[in-house]
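Asker: The structure that follows is given in the form of structure tokens.
Only the coordinates and a few stated rules stand behind these numbers; no lab work does. Keep in mind that this is a model prediction, so the values were computed, not measured. Neighbour counts run over all protein chains shown; Cβ positions are idealised from the backbone, glycine included.
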Amino acid sequence: MAIQVNKKYWVWQKYIYMISSIFFATPNFLYILNAWFVRHRADDFCFSGTFREFGFFGGLKHFYLSISNRFSAFMLWSFSDLFGEKAIRIFPMVVIIFMSISVYIIAKVLMQNHSLKNRSSLAFLVSQILTFFFLYLSPTIHQSVYWRAALVHYFLPFPVLLLMLKYVLDVGVVKKLNKTQMVLFFLLSLFMAGLSESYAALQGGAFSLMLVFALVYFQQRKRSRVIYFSLAAIIATMTALAIMIISPGNSLKFTLTDQAQDLITVISISLNSASSYIYYTLRGQWVPFSVLFLLGVFLSLFSKEEHNGQVSIKKIFFFYLLTPLIIFFLIFCLSAPTAYGMTAYPEKRVLMLALMVLSSGIFFEGFLIGLTLEKYFRNRRLFQIFSAIGIVLLSVYALFSLPDLKQMIIFYKKRADGWDQQQQEIITQIDQGQKDLVVTALDAHADIAEMRDYSTFWVNVCTAQYYNVDTITAVER
């Protein structure tokens with residue numbers, strides 16, 4: 001009889017996961033769909049223009065020596081350009097889907113030690129929840145996600161980092177250490193760190209924590225392998241930072257900003273940035289973060305069925321106290337490059353990385369709370385029913401984003417139409433043999449202030465390089 005009751009519960013549990021997943025997957029699909037209306041803007045023209053003029057290796061050399069120090073970013077942009085102009089629309093689509101897949105893999109791995117019957121369904125729901133909140137709470141989604149120039153710096157690296165951390169943990173249980181794998185992992189870490197200084201600092205901080213965790217927590221055989229790979233990632237990160245620091249293309253940026261004069265200043269500004277970001281973000285967006293936290297609690301309570309008692313209260317309490325420290329440390333790390341290079345608080349697009357760290361930590365904290373509460377509930381079935389209701393009701397919150405998403409899609413479509421019209425003007429004038437072009441400014445179609453950057457001189461110069469003409473002047477009609 002008990003087995004029959006459990007089977008009914010497992011079926012019911014799976015339906016709850018499916019329903020909630022649909023609620024979150026719906027806006028996520030719209031976020032993906034909106035990427036189809038992404039077009040080149042600002043730095044996209046500059047970097048694609050450099051690739052068109054100089055080629056891959058020549059462009060990388062020119063980029064590193066004259067424009068920017070983020071060598072890996074140019075490689076990714078150029079790789080995207082190999083698939084044609086429309087690839088800039090597909091790129092954010094692929095990255096958002098990749099984010100969901102990465103979170104799904106990590107969630108499933110974290111559940112592997114527990115005898116859950118619907119592990120895949122639960123992992124899929126978690127992936128949809130976190131992907132939604134990453135996008136919904138993004139400090140500036142127009143830059144961090146829908147602008148290729150920033151996407152590769154501040155959104156794409158996070159899911160890659162998750163998979164890199166998972167890989168290191170997996171390596172710890174293999175029978176034989178593969179030196180080729182370590183070399184490839186070093187090169188991957190070097191490449192990823194070269195995407196931006198902020199992400200490099202985050203990556204270095206994450207693997208430093210992995211190193212400490214291995215020294216304190218793991219057994220000898222697993223410990224040594226995790227240590228080797230963590231050290232490889234840290235050394236690769238430091239190497240990439242050194243390459244970016246000595247870049248001649250970095251000198252111009254340094255002439256325009258004030259750098260910190262000593263380590264104490266960097267630490268002080270980074271500590272203030274991390275604490276201010278966490279405090280003001282949680283205070284200003286307490287409703288969505290409360291929903292995210294409670295989803296973690298209810299999912300923890302609802303998913304408990306056969307693995308009751310496997311996790312000790314001491315271990316749960318340890319990780320509950322440790323998680324906020326990890327969150328703060330990682331956000332402190334990614335704030336450090338801005339503190340050093342500009343003696344300032346990180347820009348919004350940089351804070352996309354901080355948002356993903358914070359959101360993941362808040363959800364995990366909720367899940368830990370659920371693990372703790374579950375041990376004190378005598379009528380476990382009653383609280384599972386209560387949790388099921390809570391999960392469905394909280395999942396409806398995702399649908400509240402649909403009106404704003406609809407407006408954003410309308411805006412992007414309108415802007416894409418304007419961009420296509422402008423490009424047609426450019427192509428028509430080029431076909432007529434003109435080299436000094438006059439086109440309609442996209443500001444005529446724009447409503448978002450942060451996207452009004454097309455009429456500025458430097459962008460027009462990059463656009464001219466992109467289309468291989470002498471000048472392009474954008475004017476209001």
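Asker: For a quick check: sort Met244, Met164, Met352 by the number of other beta carbons within 10 angstrom, fewest at the front.
Answerer: Met164, Met244, Met352
Asker: Shape verdict for the range 313-360, please, from the Cα gyration tensor: rounded (a/c under 1.5), prolate (a/b greater than b/c) or oblate.
Answerer: Prolate.
Asker: Roughly how many nanometres apart are two label points built 7 Å out from the Cα toward the Cβ at Trp286 and Ile264?
Answerer: Roughly 3.7 nm, to one decimal.
Asker: For the range 81-183, which trypsin sites (Lys or Arg not before Pro) pass both filters: DSSP loop (anything but H, G, I, E, B) and at most 11 other C-beta atoms within 10 Å?
Answerer: Filter output for the range 81-183: Lys86, Lys175, Lys176.
Asker: Let me ask another. Residues of the range 222-249 with the amide nitrogen closer than 18 Å to a label point 7 Å from the Cα of Met182, along Cα-to-Cβ, please.
Answerer: 222-239
Asker: Under the rule of at least 5 residues apart or a separate chain, name every residue whose amide H is placed under 5 Å from the amide H of Leu437.
Answerer: Thr471, Ile472, Thr473
Asker: Filter Lys86/Lys108; Lys166/Lys315; Lys86/Lys413 down to the pairs with a C-alpha to C-alpha distance above 26 Å, please.
Answerer: Lys86/Lys108
Asker: Rg/Rh for the chain: what does it come to with C-alpha atoms and Rh from Kirkwood?
Answerer: A ratio of 1.00.
Asker: How far is it, in nm, from the label point at Thr440 to the one at Phe191 when both lie 7 Å from their Cα along the line to the Cβ?
Answerer: 4.2
Asker: Calculated from DSSP H runs of 4 or more alone, at -39500 (n - 2.57) each and per residue, what is the 222 nm mean residue ellipticity of the chain, nearest 500?
Answerer: -25000 deg cm²/dmol
Asker: Still on this structure, I have one more. If R₀ is 22 angstrom, what is the calculated FRET efficiency for the pair Ser224 and Ile105, using the beta carbon separation as r and rounding to 0.05?
Answerer: Plugging the Cβ-Cβ distance into 1/(1 + (r/R0)^6) gives 0.30.
Asker: Stokes-Einstein at 25 °C, 0.890 mPa s, Kirkwood radius from Cα pairs: D for the range 39-192 in µm² s⁻¹?
Answerer: Roughly 140 µm²/s, to the nearest whole number.
Asker: Another question about this same structure. Distances longer than 19 Å among the Cα atoms of the range 68-137: what percent of all pairs is that?
Answerer: 52
Asker: Could I have the simple spin-label model distance between Ile246 and Thr372, label points 7 Å from Cα toward Cβ, reported in nm to one decimal?
Answerer: Between Ile246 and Thr372, the simple spin-label model gives 4.9 nm.
Asker: Another one. Taking other Cβ within 10 Å of each residue's Cβ, how do Glu197, Glu53, Glu425 sort, fewest first?
Answerer: The order, fewest Cβ neighbours first, is Glu53, Glu425, Glu197.
Asker: With no other cysteine's Cβ closer than 4.7 Å, which Cys residues of the chain count as lacking a disulfide-compatible partner?
Answerer: Cysteines of the chain left without a disulfide-compatible partner: Cys333.
Asker: Based only on other Cβ atoms within 10 Å, what is the fewest-to-most ordering of Thr281, Thr180, Thr338?
Answerer: Thr180, Thr281, Thr338
Asker: OK, next. Can you tell me the FRET efficiency between Phe319 and Phe54 if r is taken as the Cβ-Cβ distance and R0 is 60 Å, rounded to the nearest 0.05?
Answerer: 0.75
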